[in-house]
Amino acid sequence: MTEEIQNNKLKILGKLAASLTHEIRNPLSALKLNLEYLNMSIDKFSEEDAECIRASLDAVERIQILIDNTLTFSRNKNERYSYHSINYIAKQAIEMIQNTAAGKSIDITTNFEPNIPKLKFNKDKMLQVALNLITNAIEASGKNSEILISTYLTPDNSVVFEVKDQGIGISENDKNKIFTDFYTNKQNGTGLGLSVCKMLLDEIGASIDFSSELNVGTKFFVTFPKSLIEEEYETKNSNS
Ligand SMILES: Nc1ncnc2c1ncn2[C@@H]1O[C@H](COP(=O)(O)OP(=O)(O)O)[C@@H](O)[C@H]1O
Ligand SMILES: [Mg+2]
């Protein structure tokens, strides 16, 4: 349980590391090019200056290797996708976050479609998405409020996972900012929760959207297209 929360933090740090390393790459290349330029005519320099240039070039190359390693690490290759129940993932997330909610006397209620088809996704990543959305809902909510977590099928057979709170809501001005990396209006926020969610859902072709009213509440919903639904379910339901 704490391991999963730790894992969540690591994913966010991974994203932070990925964007940082990405940003560092270009100025670092410029630095390296300039040093290489000086290195081409190294015999024009005094022995002392030449040593400075060589040492700097060495250091730049070490940073470049470090950055390449960080980027591969956060890219997370060779991952496995299989079919899972979104109800099960939602239950897991709620269990993990129950104590935090209880601490604010927030009641988490659920309304799960029992006959929900299994969906193709990576279990850990989807748990991460659910945790991020529920954490945001808790953080936006006042004491003694309610968070409703539901799953359902739409008329065109997409699957929806929804987190609805009675919290502070999102102002019109903030609505187009919240998915931006590092955008936060919290004192200790990272501003990466929603952008990580969006990134993880983009990877599999699912989408995330929200509706919100200031001082009334916010509803985030993740839509999984029909193409992610396990084939067996369609056969089962068209036969019956
Ligand atoms: N359920 C919600 N209710 C109100 N505002 C929200 C909600 N979820 C997200 N937000 C807004 O979106 C911003 C970005 O969220 P997020 O990316 O998770 O970063 P963080 O939680 O670290 O601030 C939050 O700071 C908040 O302003
Ligand atoms: Mg957040």
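Every number here is computed from the coordinates shown, using simple stated rules; none is lab data. Note that the structure is a prediction, hence the values are computed from the model and not measured. Backbone-built Cβ (ideal geometry, glycine too); neighbour counts: all protein chains shown.
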>> Can you give me the C-alpha center-to-center distance between region 216-234 and region 139-191, rounded to a whole angstrom?
In response: 16 Å
> What nm value, rounded to one decimal, do you get for the distance between CYS52 and THR109 when each label is placed 7 Å out toward the C-beta?
Replying inline: 7.1 nm
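In the structure displayed, which of LYS91/LYS143; LYS11/LYS32; LYS15/LYS120 lie more than 28 Å apart, Cα to Cα?
Violating the 28 Å Cα-Cα cut-off are LYS11/LYS32.
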>> Ignoring everything except DSSP H segments at least 4 long, calculate the 222 nm mean residue ellipticity for the chain; use -39,500 (n - 2.57) per segment, divide by total residues, nearest 500.
In response: -18000 deg cm²/dmol
> With each pseudo-label sitting 7 Å past Cα toward Cβ, what's the ASN176-ARG62 distance in nm, one decimal?
Replying inline: 4.6 nm
>> Treating only the Cβ of Lys, Arg, Asp and Glu as charged (+1, +1, -1, -1), what charge dipole size does region 101-240 show about its Cα centre? Round to the nearest 20 debye.
In response: 280 debye
> If you count, for each residue, the other Cβ atoms within 10 Å and average over each peptide, how do 210-222, 143-155 line up from highest to lowest?
Replying inline: 210-222, 143-155
> So, by mean Cβ neighbours within 10 angstrom, what's the order for 19-29, 93-103, 128-138 with the highest one leading?
Replying inline: 128-138, 93-103, 19-29
>> Sort 114-122, 194-202 by the packing proxy (mean of other Cβ within 10 Å over each peptide's residues), most packed first.
In response: 194-202, 114-122
>> If the reach is capped at under 13 angstrom between alpha carbons, list the aspartates and glutamates near LYS9, excluding any in the same chain fewer than eight residues apart.
In response: ASP124
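Let's test the formula: R0 of 41 Å, r as the Cβ-Cβ distance of LYS91 and ASN185. What FRET efficiency results, to the nearest 0.05?
Working from the Cβ atoms, E equals 0.85.
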> Reachable aspartates and glutamates from LYS226, Cα under 14 Å, same-chain residues fewer than 8 places away excluded?
Replying inline: ASP156, GLU234
